[in-house]
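Down below is the structure, laid out as structure tokens.
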Amino acid sequence: MLSNIKNSMGLSGLVDGVFGGSAQSEEISAPYTFANGIQYSPLTLNRIALSYGYMGYGLVQTLIDIPVEDAFRGGIEIESDELDADDIKELYRFRNENNDDDAITEALKWARLYGGAALLIETEDKDTRQELKEKGLKPDSVLRFIPADRWELTLSGSSVLDISRAGFHHNTEQQNKVPYLYYTAGLHESRVMRVMGKKAPSYIRLRLQGWGMSELERCMRDINSFVKFQNVIFELIDEAKIDIFKIAQFNSALASAEGTALVQKRIALNSLLKNYKNATVMDAEDDFQQKQLAWSGLADIYQELRQNLSAAIGIPEAKLFGQSSSGFSSGQDTIENYNALVESGVRKTAIPVIRRTIDLRCQQLFGFVPEYEIKFKPLRVLSEPEEEAVLTSKQNRALTLFDRRLFTAKELLESLDKDKLLNIQTEVQQGLREVAEVMPDGSTEGGEGKENAIAALLGKRANAEREAFASKDRQILAKLQRNKQ
């Protein structure tokens, strides 16, 4: 029948010419068998379907959100030789108060769903078409990061061509430096941090306006099979138990309207009695049967569909469906493959955006951008004995360095505090007491008296308080001068 339809529409010759085969039959080695199962309209371009699919399907939310949330589980660590521990804590606090990581994760989720997103930089500047002035950022300046999906940003034609290529290059003209429209506001390119989805082939890239592909593109067939099976199960549940009434002279009763009404009333009364009294009453010449549908084989089909869907998405069943591994396998190898996907996919994509946000926060807080490194928390979740063994190993390593005089007492406590091995603030950390260190000849050094240490500490605190008040006065005077101007 399909061959007749193709011939009547004139498609047979087209298929033969394009794929070099015959449209009369499908062979397993023929290229048109593969081509007939392809969706030639990218789902990435269907914003409405993606939006409502994310809202209505928990499975879609899981495959979009879980890799991003796992990538940022536990937050990130910042290490820098140019910042001390207090500066880094202040940077953490400032980023947490402004929800920087939440904005980054949301942008990454929209990039996976829609094939592209961006993190917009909002400052006090009223003209967003001008280049971002990073040097003018101060601790009291407005600096926020706004996540936006690709459909919230409008690109000019030249910009579409630019981002569809390997790089993103603009001419020196000012109008080409403003390639984005966020609703009605023009945005300079320095105020937009793009997050791209999976890169599409060059033939499709222009159709996607230079953006990437949605993660749903590669698993649409498997999702459809899974959803179709769920719909079948839903229909079978409604028809799992069927009541059959055999009524004497049923056909004759249906010949008149009065007889039809009496039959309907009789069936309704029997159903009501059966639901209420768990019993039914009928004439001696009538009969009643109940049939139950069998469910054999459905569990095996369901398991195969779940495996296919998990393979297409790249997320293990243990994470996708919350089911533990069966048999002798612990599932650790599949988790390791998934962790590699998160490392090479989500985290690699997120690093440029994270670095850009940290650069701006450092410029805002400290007035300069230091050299630093970003580290993510390990993806592998350790058991309690394994975690305790790691902590013990870190503690022994630090104590060994202290015993060999490679650490001072203060450096030892800083190391233990950084590894979260201390649950209190010690006197040595506060500067109230110094630890006398044993010299090779048996003598000790350090050991300044406790009273002198306390006096020195109080003096430092008084100087710090005076400096804080003076700084506050300078800020107030500067604000008054700005208001006068």
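Here's the yes/no breakdown for (1) at pLDDT 95 or above; (2) part of a helix (DSSP H, G or I); (3) under 21 Å from Ile351 (Cα atoms):
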{"site": "Arg95", "(1), (2), (3)": "no, yes, yes"}
{"site": "Ala107", "(1), (2), (3)": "yes, yes, yes"}
{"site": "Trp110", "(1), (2), (3)": "yes, yes, yes"}
{"site": "Glu124", "(1), (2), (3)": "no, no, no"}
{"site": "Gln130", "(1), (2), (3)": "no, no, no"}
{"site": "Lys138", "(1), (2), (3)": "no, no, no"}
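If you check Leu50, Leu91, Leu63 for being farther than 27 Å from Gly212 by Cβ, under 29 Å from the mean Cα position of the chain (by Cα) and part of a helix (DSSP H, G or I), only one passes: Leu91. What about Leu187, is it modelled with pLDDT of 85 or more and either charged (D, E, K, R) or more than 16 Å from Gly115 (Cβ to Cβ) (or both)? Yes; evaluated as a whole, the condition is true for this residue. Against the list (1) modelled with pLDDT under 90; (2) part of a strand (DSSP E or B), the condition Ile146 fails is (1). Selection within the stretch 184-199: residues that are farther than 18 Å from Leu45 by Cα and touching a helix residue (DSSP H, G or I) at 6+ places or on another chain (Cβ under 7 Å). The member of this set that is surrounded by the most Cβ atoms within 10 Å (Cβ to Cβ) is Met193. Under 23 Å from Arg205 (Cβ atoms), at pLDDT below 90 and surrounded by fewer than 17 Cβ atoms within 10 Å (Cβ to Cβ), is that true of Ser41? It is true that Ser41 is under 23 Å from Arg205 (Cβ atoms), at pLDDT below 90 and surrounded by fewer than 17 Cβ atoms within 10 Å (Cβ to Cβ). Screening Ile78 on (1) at pLDDT 85 or above; (2) in a helix (DSSP H, G or I); (3) β-branched (Val, Ile, Thr) shows it passes everything except condition (2). For the stretch 366-388, name all the residues that are touching a Lys or Arg at 6+ places or on another chain (Cβ under 9 Å) and either in contact (Cβ under 8 Å) with a residue 24 or more places away in the chain or in a helix (DSSP H, G or I) (or both). Those that are touching a Lys or Arg at 6+ places or on another chain (Cβ under 9 Å) and either in contact (Cβ under 8 Å) with a residue 24 or more places away in the chain or in a helix (DSSP H, G or I) (or both): Tyr372, Ile374, Phe376, Lys377, Leu379.
Asn99 fulfils the conditions (1) within 27 Å of Gly186 (Cβ to Cβ); (2) modelled with pLDDT under 90 except for a single criterion, (2). The criterion of at least 3 residues that are buried (at least 16 other Cβ atoms within 10 Å of the Cβ) and touching a Cys at 6+ places or on another chain (Cβ under 7 Å) is met by none of the helices (runs of 4 or more DSSP H) wholly inside the stretch 200-262.
Considering Ala253, Ala284, the condition of being at pLDDT 70 or above, of a type outside the set (S, T, N, Q) and more than 30 Å from Ile104 (Cβ to Cβ) is satisfied by Ala253 alone.
The values are calculated or read from the model by the stated rules, or taken from the named source; none is laboratory data. These numbers were taken from a predicted model, which means no experiment stands behind them. All Cβ positions, even for glycine, are placed from backbone atoms using ideal geometry, and neighbour counts span all protein chains on display.
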